[in-house]
Structures are given as structure tokens and as C-alpha cells.
Amino acid sequence: MRLLLVGCLALPLISSGCRAEPASSLQWPVPAPPAVGAGQPRLWVALAARLGAGSSPMPLQLRSATGLLTLRDGAGQRWQAPQFSLGWQRVALSQPLQIRRLVAGPYASFETAERRADQWRQLGVPVTLAQPADWEVWAPPGSPVPSGWTVRSLEQRHTTAVAPVLQLPGRSPQRLVAPLALEAPGGLRWQGGVYAGPFRLQGDAHGSWSLLEQVPLERYLEGVLPHEIGSGSPPQALAAQAVLARTWSLRNQHRYAADGYHLCVTTQCQVYSDPRAAGVAVREAIGRTRGLVLSWQDQPIHAVYHASNGGLAAGLEEAWNAGSQPYLRPALDRVDGPAERAPLPRVSELAQLLGRSEGFVGADHPLFRWSRWLDRQQIAQALGRQGLQVGQVQRLAVLERGPSGRVTALAIEGSTGRTVLRIDAIRRTLRSLPSTLFVLTPQGPGRWLVQGGGFGHGVGLSQAGAIDLGRRGWSFSRILERYYPGTRLQPLAPSPPLPPPQLPGLGGDP
């Protein structure tokens with residue numbers, strides 16, 4: 001395995017020999033990640049991001065699972081050891097870097113930010129999606145702005161940049177010259193797991209660094225499925241999840257393009273961890289569906305999924321500020337027959353529906369039906385975390401619901417103001433709510449009972465439903481057709497199987 005440090009585009013340093021970058025930029029310059037091809041698709045996944053950021057950044061510890069690491073830098077220097085510690089040092093830029101941009105946001109999700117980005121692009125503006133905290137859309141200064149939008153200007157002038165340095169016992173930190181390679185024949189031990197790589201360490205859009213694994217797509221799925229649906233799920237549910245995770249990865253390979261990689265390892269993407277945790281059933285499901293994606297008009301679909309829909313599948317537009325898709329529509333998820341597109345319950349019937357679970361697919365999920373209490377103090381604290389203030393909370397009111405009955409606009413009124421949470425900002429703010437499929441009942445001054453169903457956004461495949469249907473003998477293709485009607489399974493270009501990485505087992509440290 002090799003860990004490659006890319007520094008020229010991210011760090012225009014006098015000492016590195018890199019060509020000087022333009023004096024003005026939308027962001028810290030970063031090389032774009034390669035497209036994920038069909039022949040031998042590989043994803044660049046950030047095992048760690050924002051390395052070297054802050055006033056006292058923590059060193060990066062790189063440790064071999066077995067044997068020695070071999071570290072080489074661009075000056076031809078070479079070190080060998082079981083582990084290395086890389087610190088961070090401020091170094092002078094060859095010329096100041098002026099960052100100037102217009103910023104729209106923040107947005108609660110990538111999906112909503114992407115919708116906004118598409119609207120801005122319609123004006124001919126080249127925009128960038130980025131995630132400094134919540135998601136934002138960046139555009140060059142002076143760009144035309146869509147009518148009704150509020151954007152802000154950002155200007156920064158940088159004269160130094162963060163560079164990695166090798167910290168050796170008893171010696172002064174030694175700045176490393178790009179490119180930096182790390183050979184780890186026994187695997188790289190990271191966050192309790194072992195990863196096969198190869199790896200890269202490179203700059204990001206914010207002036208910090210990312211540790212990336214360049215992982216083959218099928219191996220990436222081995223690190224995803226156990227965390228997204230569980231290794232003990234029925235084989236056909238696992239196979240359906242494998243198709244969706246593969247499709248989602250290809251559809252979302254641009255998610256972190258601003259930072260020079262494809263995907264992260266958290267719930268902002270798909271949860272990814274040590275692929276060695278995949279058992280026989282997971283590997284069989286991936287092998288059975290190898291190279292298959294779910295498509296619409298010969299393109300990978302928006303393959304969103306969630307834990308439980310509470311018996312009511314949501315439309316895409318109910319979860320995010322995004323355009324509707326014909327294969328992601330509201331539906332009743334009943335046991336007797338395919339998911340019905342109509343009729344959906346009226347608002348007056350919703351409380352009654354949420355009071356029962358018989359006859360629905362996936363009803364044994366622990367959050368298929370749930371209740372939560374909210375009080376004015378909880379709500380005020382939740383608003384404060386988002387920078388919102390309304391004084392003493394006095395009233396909650398559902399202003400709008402989507403076709404499936406999910407709340408799409410929730411008003412919170414207080415002694416000094418009012419705010420309206422919309423779509424994905426509702427759960428982003430009121431994090432104790434498992435879903436937006438709920439009814440709200442006042443229980444005296446400053447106290448409300450919330451009764452709801454499902455866990456997650458409710459769009460696309462319900463993992464609880466897939467598990468239920470798998471137990472009932474449904475094939476993975478039939479499960480996918482139920483939750484994404486009108487789509488079809490389509491193979492990528494065939495590629496030879498990848499040999500399993502020769503890494504140590506899941507036991508303790510050697």
C-alpha cells in the first residue's frame with residue numbers, strides 16, 4: 001500500500017518547488033479527484049478530515065498493523081519504523097493567497113445545498129458545494145444572485161499554510177517535501193480497524209489536510225453494509241442494500257469534490273469502517289450483485305434509503321428541498337400487495353394511523369411507532385445550537401405537511417420572535433425526533449407530546465421493510481422494484497474480481 005502526499009496544488013510554498021498559484025481564489029486550491037470509472041472503480045474516501053486545522057492541531061499517528069512502515073518523501077529521504085507521527089507547521093507561502101467568494105447557506109443537508117447549487121447554475125454561475133460546518137454553496141464574487149436569495153461575501157488573505165512535519169524522537173521536527181509515500185505491507189491500523197488502501201494525504205478546500213483511502217468500490221461495500229443494514233439481515237435484504245450502496249456511491253461521487261475526494265465515512269455519506277468486519281453473508285450479497293446498479297434513464301438513481309418509514313414512504317421533496325423523482329413517491333407500505341401510491345391518509349386520519357402498526361411492512365422496527373416529549377427549555381436549547389432565538393417558547397404549530405403526512409414546515413413562536421423550520425432543518429434542529437412523520441399535541445404551558453412513526457427521512461427503501469420482505473421470501477430485485485418503481489437493474493462494465501487484502505484478523509494488536 002502507498003500513502004501519497006499531494007502538496008503542490010494545496011500549498012504553494014517556496015521550499016516545495018511548486019509553481020506559484022494565482023493570488024486570488026474561491027478556495028484553497030485542491031486537485032480534483034478522478035472520476036469513478038466502470039472498469040475498476042475506486043473511491044477516494046476520507047478516513048480523516050481537517051487534519052492540521054486549529055491553533056493546536058493534534059499530530060497524525062500512522063501505525064502499521066504488522067511489520068514496518070516505509071516513509072519516503074520527494075527529496076529522496078527514507079525512514080522505516082512501526083509507526084510515524086506527523087505534526088503540523090505553519091510555513092510561508094511564495095505569495096499571499098487571497099480567497100474571495102459569495103456564500104449561500106448554511107443548509108442542513110447536501111441534498112438541499114445541491115438543489116440550491118443547481119438553481120444558481122441556471123444563471124450561468126460556476127458554483128462549488130462545500131462543508132465548512134453545515135453545507136454551503138460558493139460562487140465567484142460579483143456573480144449574479146437568484147432573485148430573493150440572501151448571500152454573504154467572504155474575503156480572507158493568507159500568507160502561511162499548514163505543512164506536515166515528521167516528528168522523530170530526540171530530533172527537531174523535519175518538514176516533509178511532497179510527494180510523500182508510505183508503504184504499509186501489513187495494512188494501516190486506523191481507528192481500531194485495518195485498511196488495505198492505498199492511501200493519500202492531501203490538502204483540502206479549507207487549508208487543512210485529509211487522509212484518504214483509495215478503496216475499490218466492491219471492497220468499500222464490505223465496510224458499509226454491516227453498519228447500514230446489519231450483517232444479520234436476510235440475504236435478499238443484504239443484496240438489495242448492496243445494490244443501493246453501490247448506486248448511491250456512484251451517484252454521489254461529486255459530494256466532496258471541493259476537498260479533492262469523493263466520500264466521507266460518516267452519516268453525511270454512508271457509514272464506512274474496517275471492511276474485515278464483513279461476514280460471509282455480506283460478502284455473498286456483494287458478490288451476487290457485483291457491478292449492479294439501479295438506474296433510471298440509464299443513469300444511477302438517487303438511491304436514498306433509511307431505517308424505517310413508519311408505514312408511509314415519503315416523496316423526495318418531503319425530505320429535502322429537492323425536485324421530485326418519479327421513482328421516489330409517497331406510498332402506503334402495506335403487507336398485502338405492492339406499495340400503494342394512493343390513496344394516502346388525510347391529515348385528520350394521520351393520528352389514527354400512527355396509533356396502529358398492523359398490516360404494515362417492517363412494523364417490528366423499534367421506532368416504527370414512537371412518542372417524545374418536548375418542553376420549552378429543550379426547544380430553546382435546540383434553537384440556540386443553530387443560532388436561533390425566539391425568547392421563551394410559547395407555541396408550536398405545524399404549518400405544512402407533505403403528501404405522506406410528514407411535517408414540512410414547523411413554526412416555533414416565542415416571547416421575542418418566531419422561526420419556521422422547514423423540511424430537513426426540522427430534525428437537524430430537534431434532534432430527539434426520529435422522523436418528521438408525527439402529530440403534535442399541547443400538554444399544558446410550554447410542553448408538547450409528539451407521536452410519530454419511523455426512523456429517518458422516509459424516502460426510498462425502508463431497511464426494516466426490506467428485512468421484513470426478505471424474511472417473507474421476496475427477491476432483492478422485487479424489493480428494489482417495490483421501493484423504486486420503474487427503475488431497472490443495470491450492470492457496470494465487467495471487471496475481474498479483486499483478491500481479498502492480506503491483512504491481520506479482527507483480534508487485538510499484534
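Only the coordinates and a few stated rules stand behind these numbers; no lab work does. Keep in mind that this is a model prediction, so the values were computed, not measured. Glycine also receives a Cβ, built like all others from the backbone with ideal geometry; neighbour counts cover every protein chain displayed.
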**Q.** Where the Cα pairs of region 170-328 fall when distances are cut into 10 Å bins, in %
**A.** 9, 32, 34, 17, 6, 2, 0
**Q.** FRET efficiency, 1/(1 + (r/R0)^6) with R0 51 Å, evaluated for residue 335 and residue 156 via beta carbons
**A.** 0.35
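Summing -39500 (n - 2.57) over the DSSP H runs of n ≥ 4 in the chain and dividing by its residue number, what mean residue ellipticity at 222 nm do you reach, to the nearest 500 deg cm²/dmol?
Mean residue ellipticity at 222 nm (helix-derived): -5500 deg cm²/dmol.
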**Q.** In degrees, nearest ten, helix 235-251 long axis to first principal axis of the chain (Cα)
**A.** 60 degrees
Q | Dimensions (Å) - region 370-452, Cα atoms, principal axes, largest first | A | 33, 24, 19
**Q.** Taking only Cα atoms of the chain, radius of gyration then Dmax in Å
**A.** 24.7, 73
**Q.** Segments 275-284, 146-155 sorted - mean Cβ within 10 Å per residue, highest first
**A.** 275-284, 146-155
Q: Pop a pseudo-label 7 angstrom from the Cα along the beta-carbon direction at both residue 35 and residue 367 and give the gap in nm to one decimal.
A: 3.8 nm
Q: Could you state the angle between the C-alpha long axis of helix 217-228 and the longest principal axis of the C-alpha atoms of the chain, as a value from 0 to 90 degrees rounded to the nearest 10?
A: 50 degrees
**Q.** Chain lengthening between residue 128 and residue 288 when straightened (0.36 nm per residue, less Cα-Cα)
**A.** 53.9 nm
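Roughly speaking, what is the stretch gain from residue 83 to residue 174, that is 0.36 nm per residue apart minus the C-alpha to C-alpha distance, in nm to one decimal? Write down the numbers at each step before the final one.
Numbers: separation 91, 0.36 × 91 = 32.76 nm, distance 1.57 nm.
Full extension of this stretch gives 31.2 nm more.
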Q. Label points 7 Å out from Cα along the Cβ direction at residue 149 and residue 68: separation in nm?
A. 5.5 nm
Q | Centroid-to-centroid separation of region 418-436 and region 95-136 [C-alpha atoms, Å] | A | 22 Å
Q) Taking the highest mean first, how do the peptides 42-48, 171-177 order by number of other beta carbon atoms within 10 angstrom per residue? A) 42-48, 171-177
Q: Obtain the nm distance between the two label points defined at residue 419 and residue 271 by a simple spin-label model: each point lies 7 Å from its Cα along the Cα-to-C-beta direction.
A: 2.8 nm
Q | Under 16 Å from the residue 349 label point (7 Å along Cα→beta-carbon), backbone N, region 470-484 | A | none
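Would you kindly work out the equivalent ellipsoid of region 166-259 from its C-alpha gyration tensor and give its semi-axes, the square roots of five times the eigenvalues, largest first in whole Å? Kindly include the intermediate steps, with their values, before the conclusion.
Values: eigenvalues 225, 62, 22 Å².
Sorted largest first and rounded, they come to 34, 18, 10 Å.
Which percent, nearest 5, of DSSP beta bridges in the chain are antiparallel? Present the calculation step by step, with values, prior to reporting the outcome.
Working: 92 of 102 bridges.
Here the share of antiparallel DSSP bridges comes out near 90 percent.
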Q. Given a Förster radius of 51 Å and the C-beta distance between residue 395 and residue 280 as r, what FRET efficiency does 1/(1 + (r/R0)^6) yield to the nearest 0.05?
A. 0.40
**Q.** Proximal charge balance of residue 382 [Cβ under 10 Å; K/R count +1, D/E count -1]
**A.** +3
Q. Mind listing the phi-derived Karplus ³J(HN,Hα) values for region 478-487, rounded to whole Hz, using 6.51, -1.76 and 1.60 with θ = phi - 60°, and x for any glycine or proline?
A. 6, 4, 5, 5, 5, 8, 9, x, x, 7
Q: Please determine, in degrees from 0 to 90 and to the nearest 10, the orientation of helix 376-385 with respect to the longest principal axis defined by the Cα atoms of the chain, where the helix direction is its Cα long axis.
A: 30 degrees
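Between residue 441 and residue 254, what length in nm is gained on full extension when 0.36 nm per residue of separation is reduced by their alpha carbon distance? Write down the numbers at each step before the final one.
Values: separation 187, 0.36 × 187 = 67.32 nm, distance 4.19 nm.
Length gained, residue 441 through residue 254: 63.1 nm.
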**Q.** Using θ = phi - 60° and Karplus 6.51 cos²θ - 1.76 cosθ + 1.60, couplings along region 276-289 (whole Hz; Gly, Pro as x)
**A.** 5, 6, 5, x, 4, 5, 5, 5, 5, 5, 5, x, 5, 10
